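Everything on this sheet refers to the single structure shown next.
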Amino acid sequence: MKKFKTTDEIKIPDKLIDQVIGQDKAVQIIKKAAKQHRNVLLIGEPGTGKTMLAQAMAELLPATDLEDVLVYKNPNDENRPLVRVVKTYPEPPEPGKPLGDGQGRQILQKERMKARIDTRSNSNSKVTSIVLILVIILFALSLSGFFSGYEIIVLAALILGVLVFGSVALFVSGLTKRVGMLPGAFDSNEPKLIVDNTGMTHAPFVDATGAKAGALFGDVKHDPLQSGGLGTPAHLRVESGAIHRANKGVLFIDEIASLDPRSQQELLTAMQEKKYPITGQSELSSGAMVRTEPVPSDFLLIAAGNIMDIQKMHPALRSRIRGYGYEVFMESTMPDTNENEEKIIRFIAQEIKKDGKIPPFDYDACMEIVEEARRRSGRKKRLTLILRDLGGLVRAAGDIAVEKGKKVVTKEDVIAAKQLARPIEAQFVDQELEYRKDYKVFRTSGFSIGKVNGLAVIGSSYLSAGIIVPIVAEVTPSSSRAEGKLIATGKLGKIAQEAVKNISAVIKKHLHVDFASYDIHVQFLQTYEGVEGDSASISVAVSVISALEGIPVDQSVAMTGSLSVRGDVLPVGGITSKVEAAIDAGLRAVIIPKSNVNDIYIDKEKLKKIKIIPVSNIGEVLEYALKKSPRRDMIIKELKHYISTDSKERKPIEESIEEKR
């Protein structure tokens, strides 16, 4: 990679689509969908760039077809407002020339001017006529000789009062039309502009994530003054929805499954018909009586969510996307190559420009961010694409540099930011670790029968924190004559419960233990946060075997790994966080799956504080976890013999049972 002084030297692409990092497949589909006008469903973890892709698609769409929408009063039925659609710019704008008002805004201004002139002339003439007649009558009475003395003074006061009243009436009449006071006091025929694309240089992008029905499909405001001629005309209470503002553009909805089934069905209707009338969304509102003519809603839908959201999507809505578009599963990591390292550095430069408040990064600071991208990927030779959280680290490092008065962010600032911007899970683990150490919930030295220091992670895969999970096992006589039970407690999830059950197969096969005579209790100590997954399988197996055979377990060793029913140790996630937890707890060694060895991304100096023991089967686990004894050696020998002959043909299970009898 070419070395540079600061990120100021990094060139940032002008187009948003070219700024997307690591999602090459998604970028190609977005370009194709923009060209062919297709819908897209983006599924993946948060922070992988789904929103950015939707915004980029709006930039790719032409702005020449934009439309403005006006709503007019219906003289025949006030509750059925009329809709007029006009091109925002009928003629293509000249390049480099400032865009003026769109056609919709021009029409509205003309209608308002006309309405004001008509209203002002009509109201002014009426008021002027009335005042003039009253003044003439009063003046004639004063000259008639019927009044004299103080009566003449009273009459003059009346004439003056009428003139003042007329002046105030003329002023209020003009003010109500100028600033919109007292809506409904005058019969307003001017339209309302509900979709205005004036000044738009690209297709509209509307983010409707979390929008309720009214914000998504439009609404008609409630009017408490519906009688007495004081109510606001129905067409002036109409409000457009996100589907209407996204016409000829992109409608983006993240967490698509959060929409209720009815809203998903209505969204499907709008997509199919490409137009959707606006009505009041509340049945208790006066707006429910109003329903406009269909309003254009010809948008491209970019729906997003995680893998679980697919199950909650309306089948017809997903079918519509698949039939008239594409589905994309977002990448969460990318290969660790020089080219992709440069992309991460470009991402840093983009975040600095977007933030606008932090100084540039030097080369070493960028490389420290790249190293963090490796660690957060959780996989060997990969870089994370959960870039939103990585951007948080960039901003935290920039804030530290600003606080110190630096003009360039250095490696030291990034290292300090890692501590400052630690996730809640890591902060929780620190407090929990202190508590468990103080009250000796787990030990870091000596031996103990049936007790194992397991490892788990709290939080998501990219913001996880490791924690020590002590696991204890005890064997008791069976409470039932029919069969023994394997009972696990400690707020276990479904997968964790199934993993515990699978362990019994390994023990029955290799140790020839008849479970019918025993109940085996397994407890995950103080797991108030819950346990899910199968990464504690080897820990449970060791604790149960230790309790059954009476062989102590080395308490200076922690372990993690999934266990198959045939005794193979399988890889697990969050290995870096788990090893860090073992180091922070002061343990001597940690047993991990052999296939996870290259997934550890920890500073070399810190890694020297612990011994990493890679294993591939349960026999190797017992060799390092159990205290040396003849019985231990015999168990390990039998397990290794069974595993080594795994590929050879064996006798049927019925014959093996008969021979043992």
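The values are calculated or read from the model by the stated rules, or taken from the named source; none is laboratory data. This one's a predicted model, so the numbers in the text were calculated from it and none came from an experiment. Because the Cβ atoms are built from the backbone with ideal geometry, glycine has one as well, and the counts that use them run over all protein chains shown. The accessibility values were calculated without ligands, DNA or RNA, using every heavy atom of the protein model including side chains. Shrake-Rupley method; radii C 1.70, N 1.55, O 1.52, S 1.80 Å.
For the cross-link pairs Lys248/Lys354; Lys604/Lys627; Lys381/Lys637; Lys2/Lys97; Lys97/Lys354; Lys494/Lys609, which exceed 31 Å when the distance is taken from alpha carbon to alpha carbon? All intermediate terms of the calculation are to be shown ahead of the outcome.
Working: Lys248/Lys354 27 Å; Lys604/Lys627 29 Å; Lys381/Lys637 36 Å; Lys2/Lys97 41 Å; Lys97/Lys354 27 Å; Lys494/Lys609 35 Å.
Long pairs (Cα-Cα over 31 Å): Lys381/Lys637; Lys2/Lys97; Lys494/Lys609.
Please work out the average accessible area per residue across segment 604-644, using the 1.4 Å probe convention, and give it in Å².
For segment 604-644, the solvent-accessible area averages 61 Å² per residue.
When averaged across all projection directions, what area in nm² does the alpha-carbon convex hull of segment 255-305 cover? Kindly include the intermediate steps, with their values, before the conclusion.
On the way: hull surface 16.4 nm².
With the hull built on Cα positions only, its mean projection is 4.1 nm².
Just to compare against my own numbers: the Cα pair-distance distribution for segment 365-418, 10 Å bins, whole % per bin, please.
In order of increasing distance, the bins hold 27, 51, 19, 3 percent.
Could you tell me the center-to-center distance, by alpha carbons, between segment 197-276 and segment 576-623 in angstrom?
55
Using a 1.4 Å probe on the protein chains only, how many percent of the accessible area of segment 557-602 belongs to carbon and sulfur?
Within segment 557-602, the accessible surface is 51 percent carbon and sulfur.
Roughly how far apart, in whole Å, are the Cα centres of segment 47-99 and segment 389-448?
48
Using mean Cβ contacts within 10 Å as the protection proxy, how do 447-457, 101-111 order, highest first?
Highest to lowest by the protection proxy: 447-457, 101-111.
At 1.4 Å probe radius, can you tell me the per residue accessible area of segment 359-508 in Å²?
Per-residue value: 50 Å².
Regarding segment 326-456, what are the three Cα extents along the principal axes, ordered largest first, in Å?
The Cα atoms of segment 326-456 stretch 57, 46, 27 Å along the principal axes, largest first.
In whole percent, how big is the carbon plus sulfur part of the accessible area of segment 328-440, probe 1.4 Å, protein atoms only?
49
How much accessible area per residue does segment 1-114 have, in Å², with a 1.4 Å probe?
The answer is 57 Å² per residue.
Just grab the label-to-label distance for Glu412 and Met308, each label 7 Å out from Cα along the Cβ direction, in nm (one decimal).
4.4
Work out, step by step, the length gained on full extension between Lys97 and Asp260: first 0.36 nm times the residue separation, then minus their alpha carbon distance; give nm to one decimal. It would help to have the intermediate numbers written out before the result.
On the way: separation 163, 0.36 × 163 = 58.68 nm, distance 4.50 nm.
That pair, Lys97 and Asp260, stretches by 54.2 nm at full extension.
If contacts are Cα pairs under 8 angstrom and at least 6 residues apart, what is the relative contact order of segment 268-362 in percent?
Relative contact order of segment 268-362: 18 percent.
State the Cα centre-to-centre distance between segment 345-388 and segment 1-42 in whole Å.
For segment 345-388 versus segment 1-42, the Cα centre distance is 16 Å.
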